[in-house]
Structure formats: structure tokens, C-alpha cells
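**Q** Just passing along the structure, written as C-alpha cells.
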Amino acid sequence: MCKTSATILNGYMSSRLEKYLSPVEIDSILDSALAISKLPTDTQRNVQDIFNKGYNFQLRVMLYVSLAVWLSTLLLWERKPRTAKNIKGY
């Protein structure tokens, strides 16, 4: 799940950072968020805003995935759970 969320964040950010940064700068920021501090102040604000929105998007996607898992678990719920004794051929 961690790799999926990182992919969501990196995909969101890299497509939006192209307006403000060169490909080398984008790669350095995707490797480490500390690279943001080396940018000019105005660019830092723009990059931080994109980072914040990307993180929110990532959390929203993970929330929806968790909700889908929870709902599918509810659909599998049985009032009287099966036991090995009641299953034929077990």
C-alpha cells in the first residue's frame, strides 16, 4: 500500500511541478522534500502548495480504498459463521 500511495503523490506532483521547475529540480524534490529549501521563496510557496494538495489527494484516494475494503468486508459478513464441522467435504 505504501508504494501505491507514493505513486499517487509522485504522479500528482510531477505533472503540476513542470510549470515551476526544471526536470532536474523535480527529480531532486521527489527524492527529498528538503530540496524545496534550495529554491527561491516564490517558487517554494508554489511547490509547497502543490505538495499539500498532492498529499491531500493521496489521503483521499487511500480513504476511498479503505472504505471499499470495509464495505466488501460488510458484504461478506454472515450472521451464523460457517464452521469446519458444518462444511461438507472438509
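**Q** Find the helices (runs of 4 or more DSSP H) located wholly in the range 1-89 whose residues include 2 or more that are modelled with pLDDT under 95, aromatic (Phe, Trp, Tyr) and surrounded by 14 or more Cβ atoms within 10 Å (Cβ to Cβ), and list them.
**A** Details: elements: 2-17, 23-31, 41-76.
Here the list reads 41-76.
**Q** Output the residues belonging to the range 33-82 that are more than 18 Å from the chain's Cα centre (by Cα) and hydroxyl-bearing (Ser, Thr, Tyr).
**A** SER37, THR41, THR43, SER72, THR73
**Q** Let me ask you something else. I need every pair where a residue in the range 39-62 that is more than 19 Å from VAL24 (Cα to Cα) has its Cβ under 9 Å from the Cβ of a residue that is in a helix (DSSP H, G or I) and of a type in the set (D, E, K, R), sequence separation at least 6 or different chains.
**A** LYS53/ARG16; GLY54/ARG16
The values are calculated or read from the model by the stated rules, or taken from the named source; none is laboratory data. Computed from a predicted structure; not experimentally measured. Cβ: placed from backbone, ideal geometry, glycine included. Neighbour counts: every protein chain shown.
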